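A short write-up of the structure that comes next.
The values are calculated or read from the model by the stated rules, or taken from the named source; none is laboratory data. What you see is a predicted model, and the numbers here were worked out from it, not measured in a lab. With ideal geometry, Cβ positions are generated from the backbone for all residues, glycine too; neighbour counts draw on all protein chains shown. The accessibility values were calculated without ligands, DNA or RNA, using every heavy atom of the protein model including side chains. Shrake-Rupley method; radii C 1.70, N 1.55, O 1.52, S 1.80 Å.
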Amino acid sequence: MPTPPAAPPHARAGAALAAAVGVLAAAALVVLLVLSPAGVRESADPGAPTVPYWAVLLPAAVAVPLVRLLPPRTPDLTPAVVDRPRLLVAVTAMLACAVVLPVVVAAGGLARSEGYHLAKLVLLLALPGLVVVLTRGAMHTVPARGGWRWWAPAVVLVAWTLVSQAAPWVEVPDYSGLPVELVVTAAVATALTASVGEEVFYRIWLQTRLEALLGRWGGIAVATLVFALMHVGGRQGQGPLVEVAAALVVQGSFGLTVAYLWSRYRNPWLTIAVHLVSNGFLVVVALVG
């Protein structure tokens, strides 16, 4: 009989962190319902509409159960810790990059400039990539094989797209006042630094290492929390409390979806595809339509 994989060394702490992040997200939703009952803007793009909360949460409510059910049983893909001190160094360094990024963006006023994408390239890809190289071998990942890794997340992607992007209640943003070249350039930059860069950093690099230490849900919770907080900005125009709460609910629910997708299937291509659709589907519809 094969030896069962060892439990993550900090599984209890991971369970506690997952519960705490869940309570924090619920509290954030209550704050929004009280202070911004009409809904939130999901994007900082000009012309982005205000979206009611049921429409914000519905895609995750559809996708997360589908990820769990398709297929009902999958191999245990939790990575194993090989060298705990080196793995802790890697996770600490990556979390530091995740914390520094929004501070640098806010302090430098980079949110709507080319410097924002440069900061993301440095703090989400270049420096963490160096950490990955220097701490290689600190954990052992389980190779995932089988057609289920492709058809199951593909079904989830289609279902998620139908309710989050292509549903009749989804309002297409208006870019008519902007040059087409500007919209396309911004969309390409977002695709590279957000759809690809954020998934590589938050899910493939950071979350995988957190799962090795904290277990699946602890890793998902922490990675999703820092992912959501990275998006705190000036979208809502109702003060810092609403801005933080909106990031926890909007980007947090999306982050939960792609985090669970990555944890269960370990398919980077379809994980990135979900983010690409999230950032680009309505842009294409607006430009074509």
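Rg and Dmax of segment 3-98, both derived from C-alpha coordinates alone, stand at 18.8, 55 Å. In a reduced charge model with +1 at each Lys and Arg Cβ and -1 at each Asp and Glu Cβ, segment 116-223 shows a dipole moment near 620 debye about its Cα centre. Heavy-atom accessible surface of the chain, averaged per residue, reaches 48 Å², computed with a 1.4 Å probe.
Entry note, segment 127-261: relative contact order of 18 percent, from Cα contacts under 8 Å with a spacing of 6+ residues. Each 10 Å bin, from zero up to the one with the longest distance, holds this percent of the alpha carbon pairs of segment 95-220: 10, 28, 34, 23, 5, 0.
Using only alpha-carbon positions in the chain, the gyration tensor eigenvalues give semi-axes of 30, 22, 19 Å once each is multiplied by 5 and square-rooted (largest first).
Projecting the Cα atoms of PRO75, TRP160, ALA20 onto the charge dipole of the chain, computed from C-beta unit charges around the Cα centre, puts PRO75 farthest toward the positive end.
Mind pulling the angle between the C-alpha long axis of helix 11-35 and the longest principal axis of the chain? Nearest 10 degrees, somewhere in 0 to 90. The answer is roughly 10 degrees. Taking all protein chains as they are arranged and a probe of 1.4 Å, the heavy atoms of SER36 leave approximately 10 Å² accessible to solvent.
Rounded to the nearest 20 debye, what is the charge dipole size of the chain about its Cα centre when +1 sits on each Lys and Arg Cβ and -1 on each Asp and Glu Cβ?
For the chain, the charge dipole is close to 1000 debye.
Based on DSSP H segments of at least four residues, each scored -39500 (n - 2.57), the chain has a per-residue ellipticity at 222 nm of -20500 deg cm²/dmol. Per-atom-type breakdown for the chain gives carbon and sulfur 72% of the accessible area (1.4 Å probe, protein chains only).
Tell me which GluC sites (Glu not before Pro) from segment 118-214 have a DSSP coil assignment and no more than 16 other beta carbons within 10 Å of their own. Don't jump to the answer; show the numbers that get you there.
Values: sites: GLU171, GLU181, GLU198, GLU199, GLU211; in loops: GLU171.
Counting only loop positions with at most 16 other Cβ atoms within 10 Å, the GluC sites (Glu not before Pro) in segment 118-214 are GLU171.
Kirkwood radius for segment 153-289, taken over all pairs of different Cα atoms as the inverse mean of 1/r, rounds to 15.9 Å.
Considering only ALA111, LEU124, LEU134, the residue lying farthest towards the positive end of the dipole of segment 105-189 is LEU134, judged by Cα position with unit charges set on Cβ.
Measure nothing fancy, just the Cα-based angle from helix 268-288's long axis to the longest principal axis of the chain, in degrees from 0 to 90, nearest 10. That helix lies at roughly 10 degrees to the long axis. According to the calculation over all Cα-Cα pairs in segment 49-98, the P(r) per 5 Å bin from zero is 4, 14, 11, 11, 10, 14, 21, 10, 4, 1 %. Heavy-atom accessible area, probed at 1.4 angstrom with all protein chains present, ranks THR190, THR50 as THR50, THR190, highest first.
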